[in-house]
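Inspection log for the structure reproduced underneath, given as structure tokens.
The values are calculated or read from the model by the stated rules, or taken from the named source; none is laboratory data. Quick caveat, the model's predicted, so the values are computed rather than measured. Glycine gets a Cβ as well: all are built from the backbone with ideal geometry, and neighbour counts include every protein chain shown. The accessibility values were calculated without ligands, DNA or RNA, using every heavy atom of the protein model including side chains. Shrake-Rupley method; radii C 1.70, N 1.55, O 1.52, S 1.80 Å.
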Amino acid sequence: MGFPELETKRLKLVQVKEEHTQSFFQIMSKDEVTEYYGMESLKSMDEAAKIVASFQSTYESKRGIRWGIVLKETDEFVGTAGLNNLRTWSKKAEIGFELHPSHWRKGMTTEAVKEVLRYSFEDLELFRMGAVTYPQNEPSIQLLRRLGFIKEGVLRGYLYQNNQCHDALIFSLLSTDWGKPENP
């Protein structure tokens, strides 16, 4: 069975390949994208190429799945979304995502993440989806809450970026809550 390509109304979620390296670099070299990402902005195409290659090895080892977010209309690669720390045997993973700033506030991340969640709960039969974010990352926090994620607490000193440790918030969504009306 090959890589699970997914589709939404406006997006194709595809395997991130070498041909996407330049677009990935253009996204991940932007400080506004990586500000609350848990890693520093990419400085070279070589760094981007290593991460793109790691997506493949992570998928092959069944430790995660990272999809490229591609606009159906233009075939433009605009970001990624996927599963980190995937543990199918214990029915859990963590979701992660980023999008090129020129596409922010258009509902694309929500659209992609919803489809990844659907795949995770329905096809992979996961029970728990976690999400880790900076307390200052209001757009991500709002997106998670809209999708039904519940804040569980603070992970003290959990993220290391720009030569310092930062607290993180941990959220979760259980399969038993998936598809219920949005949280108030």
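Across the stretch 134-164, what is the number of residues that are within 20 Å of residue 78 (Cβ to Cβ), of a type outside the set (A, V, I, L, M) and open to solvent by less than 40 Å² (accessible area, probe 1.4 Å)?
Here the count works out to 2.
Take the stretch 165-184 and flag every residue that is of a type in the set (S, T, N, Q) and open to solvent by 50 Å² or more (accessible area, probe 1.4 Å).
Applying the first criterion (of a type in the set (S, T, N, Q)) to the stretch 165-184 yields 172, 175-176, 183.
Result: 176, 183.
Any idea which residue in the stretch 44-103 is most open to solvent (accessible area, probe 1.4 Å), counting only those that are in contact with a helix residue (DSSP H, G or I) (Cβ under 6 Å, 6 or more places away or on another chain) and either in a helix (DSSP H, G or I) or among the charged types (D, E, K, R) (or both)?
Among them, the one singled out is 45.
Taking the residues in the stretch 105-133 that are of a type in the set (Ser, Thr, Tyr) and free of Cβ contacts under 8 Å to residues at least 60 places away in the same chain as candidates, determine which candidate is surrounded by the most Cβ atoms within 10 Å (Cβ to Cβ).
Kept after step one, since they are of a type in the set (Ser, Thr, Tyr), are these residues of the stretch 105-133: 109-110, 119-120, 133.
If we keep only those that are free of Cβ contacts under 8 Å to residues at least 60 places away in the same chain as well, we get 109-110, 120.
Working: 109: 22, 110: 16, 120: 26.
If we take residues in the stretch 105-133 being of a type in the set (Ser, Thr, Tyr) and free of Cβ contacts under 8 Å to residues at least 60 places away in the same chain, then 120 is surrounded by the most Cβ atoms within 10 Å (Cβ to Cβ).
Quick check: is even one residue across the stretch 172-180 among the polar types (S, T, N, Q) and part of a strand (DSSP E or B)?
Among the residues of the stretch 172-180, at least one is among the polar types (S, T, N, Q) and part of a strand (DSSP E or B), which makes the answer yes.
Residues that are in contact with a Leu (Cβ under 9 Å, 6 or more places away or on another chain) and at positive phi: does the stretch 110-119 have at least one?
Step one: of the stretch 110-119, the residues in contact with a Leu (Cβ under 9 Å, 6 or more places away or on another chain) are 110-119.
So of that shortlist, the ones also at positive phi come out as none.
Looking for residues that are in contact with a Leu (Cβ under 9 Å, 6 or more places away or on another chain) and at positive phi, one finds none in the stretch 110-119, hence no.
Just the residues that are among the acidic types (Asp, Glu) and under 18 Å from residue 170 (Cβ atoms), please, taken from the stretch 55-106. Quick ask: steps written out before the conclusion?
Quick first cut of the stretch 55-106, residues among the acidic types (Asp, Glu) only: 60, 73, 75-76, 94, 98.
94, the sole residue that qualifies.
For the subset of the stretch 34-91 comprising residues that are within 26 Å of residue 107 (Cα to Cα) and aromatic (Phe, Trp, Tyr), which member is modelled with the lowest pLDDT? Show your work before the answer.
First, pick out the residues of the stretch 34-91 that are within 26 Å of residue 107 (Cα to Cα): 34-42, 48, 51-52, 55, 64-86.
The next check asks that each one be aromatic (Phe, Trp, Tyr); those that pass are 36-37, 55, 67, 77.
Working: 36: 75, 37: 80, 55: 95, 67: 98, 77: 96.
Filtering first and then ranking leaves 36.
Say whether the condition of being under 23 Å from residue 31 (Cα atoms), out of contact with any strand residue (DSSP E or B) (no Cβ under 8 Å at 6 or more places or on another chain) and either in a helix (DSSP H, G or I) or of a type in the set (Lys, Arg) (or both) is met by at least one residue in the stretch 127-139.
From the stretch 127-139, those under 23 Å from residue 31 (Cα atoms) are 131-139; that's our starting set.
Keeping just the survivors that are out of contact with any strand residue (DSSP E or B) (no Cβ under 8 Å at 6 or more places or on another chain) gives 136-139.
From the residues that got through so far, the ones that are either in a helix (DSSP H, G or I) or of a type in the set (Lys, Arg) (or both) too are 138-139.
Yes, because at least one residue in the stretch 127-139 is under 23 Å from residue 31 (Cα atoms), out of contact with any strand residue (DSSP E or B) (no Cβ under 8 Å at 6 or more places or on another chain) and either in a helix (DSSP H, G or I) or of a type in the set (Lys, Arg) (or both).
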